[in-house]
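Here the structure comes first, spelled out in structure tokens, and everything after it is commentary.
The values are calculated or read from the model by the stated rules, or taken from the named source; none is laboratory data. Note that the structure is predicted; figures quoted are calculated from it, not measured. Virtual Cβ from ideal backbone geometry, glycine too; neighbours counted across all protein chains shown.
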Amino acid sequence: MSAPAVSVDAIGFAPSTCGRLVVKVGSSLLVDADGQVRRDWLAGLVADLGARARQGQQLVVVSSGAIALGARRLKLPKGGRASLEDAQAAAATGQIALSSVWAELLHDQGLIAAQMLVTLDDLEDRRRYLNVSATLDRLLRLGVVPVINENDSVATEEIRFGDNDRLAARVASAANADGVVLFSDVDGLYTANPNTNPDAELIPLVPIIDEKIESMADAGSASGMGSGGMVSKIEAARIATSAGAHLAIADGRVVHPLARLAEGGRGTLFVAQKGAAARKAWLRGGLTAKGAIHIDSGAAQALREGRSLLSAGATRVEGRFARGDLIVVVGPDGKHIARGLAEYGHVDASRIVGRRSEEVGAILGYAPRSALVHRSHMALL
């Protein structure tokens, strides 16, 4: 028995209710097995985008495909992923071809394209994140369609998103978007892997992401061409929904996929949570951290009540970080419960772990700050 369809427009993706929409396109949709752009399919999607733009919706595209295209042109083995150097070379070669196709097809719809290549650090560093946000806002207000990809020509395994699902979610936060659609070679989240379990059922609506939802994820990429599996899509949904944007996972293999989805096509919709302040959304959506502070159960409860993290509730410090660096707060069960900006570097933080506030000044030899992590610079996960 098939799952009922969910009309994303009925829930809030229509141009009249979703002023800004981020559309992510996976590699397997854009590039065929021979390494060529699937122009007819892409023209159909761009026609959908053109129709949306004429209705007043502002659009951002997050496009994969540069490595796959470049590998074909350079005749590299394993789709350009045999080594980091091959992937970087393929990305540099393929990106110019990819952006050219997008610009041409968007022009046919009367739209101007802009290219933005970003790295993980561009969206994890607060100042650079704000610069990205400002550029996106200006482009969108000018009626331009930004086409964004990770800058794989300079990214390394240690400093990269690794998939465009999470990139799309972070871009949505930076663009203050109302919705995100992830088009790929799967049509949504299932109760189990549908490739191995014939009884798996599509889940059309996810009001909240909990451990049960996370347990349904499969890390594999169906096509073998892309880098994102269902795990990355659920993490993207967590980032987007916590920033106040709906996120849909939908099958992009159909003709005119955006129009089909709006008409009630198959997919999974993750419902936006109450929008957080911009700074809190940035903190919550971060993917990297310089270190961690572990805390006891009393401190964990205090954080849930909206209080700052005091030294008395900390049990140990992990990693090397400076004041102002992004860190995670880890509860007594080992789970991450918050992300925030450190008020102390790791050396001084280690010295005052477990100490009462009135002892801190004497231990450090200078006037102490009010907390290890202040509530104004912290977001619960």
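Which one is farthest from Gly285 (Cα to Cα) among residues in region 358-381 that are among the hydrophobic types (A, V, I, L, M, F, W, C) and without any contact (Cβ under 8 Å) to a residue 40 or more places away in the chain? Step by step, filter region 358-381, then rank; the result is Ala362.
For region 96-106, the condition holds for at least one residue, the condition being that it is surrounded by 24 or more Cβ atoms within 10 Å (Cβ to Cβ) and touching a helix residue (DSSP H, G or I) at 6+ places or on another chain (Cβ under 6 Å). Within region 249-277, no residue that is assigned by TED's automatic domain parsing to the domain that holds Pro207 and buried (at least 24 other Cβ atoms within 10 Å of the Cβ) sits with its Cβ atom under 6 Å from a residue that is modelled with pLDDT of 95 or more and in a loop (DSSP other than H, G, I, E, B) at 6+ positions apart or across chains.
Looking at region 267-381, the strands (runs of 3 or more DSSP E) lying wholly inside it that each contain 3 or more residues that are closer than 29 Å to Gly244 by Cα sit at 267-270, 291-295, 326-330, 336-341, 378-380.
Scanning region 135-156 for residues that are in a helix (DSSP H, G or I) and either at positive phi or loosely packed, with under 14 Cβ neighbours inside 10 Å (or both) returns Arg138, Arg141.
For region 113-141, enumerate the residues that are over 26 Å from Leu74 (Cβ atoms), in contact with a helix residue (DSSP H, G or I) (Cβ under 7 Å, 6 or more places away or on another chain) and either β-branched (Val, Ile, Thr) or not assigned by TED's automatic domain parsing to the domain that holds Ala175 (or both). Scanning region 113-141 gives a single hit, Val132. Determine whether region 91-101 contains at least one residue that is of a type in the set (Gly, Ala, Ser), touching a strand residue (DSSP E or B) at 6+ places or on another chain (Cβ under 7 Å) and assigned to a loop (DSSP other than H, G, I, E, B). There is no residue in region 91-101 that is of a type in the set (Gly, Ala, Ser), touching a strand residue (DSSP E or B) at 6+ places or on another chain (Cβ under 7 Å) and assigned to a loop (DSSP other than H, G, I, E, B).
Given the structure, is Ala90 small (Gly, Ala, Ser) and either outside the structural domain of Ala168 (by TED's automatic domain parsing) or surrounded by fewer than 19 Cβ atoms within 10 Å (Cβ to Cβ) (or both)? The answer is no for Ala90.
All told, Asn195 falls short of being in contact with a Gly (Cβ under 9 Å, 6 or more places away or on another chain), modelled with pLDDT of 90 or more and either in a loop (DSSP other than H, G, I, E, B) or of a type outside the set (D, E, K, R) (or both).
Applying the set (1) of a type in the set (A, V, I, L, M); (2) at pLDDT below 95; (3) touching a strand residue (DSSP E or B) at 6+ places or on another chain (Cβ under 7 Å); (4) surrounded by 24 or more Cβ atoms within 10 Å (Cβ to Cβ) to Val132 leaves exactly one unmet item: (4). The requirement of being in contact with a helix residue (DSSP H, G or I) (Cβ under 6 Å, 6 or more places away or on another chain), polar (S, T, N, Q) and surrounded by fewer than 16 Cβ atoms within 10 Å (Cβ to Cβ) is fulfilled nowhere in region 339-362; no residue meets it.
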